[in-house]
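The values are calculated or read from the model by the stated rules, or taken from the named source; none is laboratory data. Remember, it's a predicted structure, so these values are computed and weren't measured experimentally. Neighbour counts run over all protein chains shown; Cβ positions are idealised from the backbone, glycine included. For the accessible areas, the whole protein counts, side chains as well, though only heavy atoms, and no ligand, DNA or RNA atoms are used. Shrake-Rupley method; radii C 1.70, N 1.55, O 1.52, S 1.80 Å.
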Amino acid sequence: MSFRYAALVLDAWLAVVHWLARSFHDRDAARAAIHDAWRGLPGDALGKAVMRGCGIEAPTRIVQVGGVTAVMVEDPRVERWFRAHLMPVQAQTLGRYILARGPVAPDILAHEVEHIRQWSRFGPLYLPAYFGSSAAAWLRGRRPYWDNAFEAAARRRAELEAGGPRDAAKS
Ligand SMILES: [Zn+2]
């Protein structure tokens, strides 16, 4: 009888050790999954929803720029979405999705890719932080778009990569 208990305890102990070992092994995978979920909600989901909402079935191409994966939706039908905005939009980044009416020029791509980095850093907090930054600029009597901290960072990035100041893309 006591042998059976000993076996049970041993089995339970082995199960715990096995589980711990597996968790330790899969830690990177777990971290990657959490990171993906953080970035994917709501950015990628929003990007995909807008793409589909414009009647576009699939992205135009996937590009790797500066260690970042960008899902390009370069299609005149995004006009439907851009038209709904108060200010003119050249290109827009939602999660890893970059939306534009047509092929995106390299300087605009560099700007939008910085927005992808911002999305991946802030995840679900990105939109509130973005609009908060615009509101703060506006309350200080500055320009809500131009003086938005996220836009300024994206502009700097595009300028750095182009090797000089340029007129930046919108959003
Ligand atoms: Zn921008």
Original post:
Restricting the range 49-97 to residues that are in contact with a helix residue (DSSP H, G or I) (Cβ under 7 Å, 6 or more places away or on another chain) and hydroxyl-bearing (Ser, Thr, Tyr), which is farthest from PRO144 (Cα to Cα)?
Top reply: TYR97
**OP:** State yes or no: is ARG61 at pLDDT 95 or above and surrounded by fewer than 16 Cβ atoms within 10 Å (Cβ to Cβ)?
**Re:** yes
Original post:
Does any residue in the range 118-137 that is under 23 Å from HIS35 (Cα atoms) come within less than 6 Å, Cβ to Cβ, of a residue that is part of a helix (DSSP H, G or I) and among the hydroxyl-bearing types (Ser, Thr, Tyr) six or more places away or on a different chain, and which pairs are these?
Top reply: TRP119/TYR126
**OP:** Would you check which residues across the range 156-170 are open to solvent by less than 30 Å² (accessible area, probe 1.4 Å) and either at pLDDT 95 or above or within 13 Å of the ligand (Cβ to nearest atom) (or both) and list them?
**Re:** ALA158, ALA168, ALA169
Subject >> Lone qualifier among ARG155, ARG117 - being among the charged types (D, E, K, R), part of a helix (DSSP H, G or I) and touching a helix residue (DSSP H, G or I) at 6+ places or on another chain (Cβ under 8 Å) >> reply: ARG155
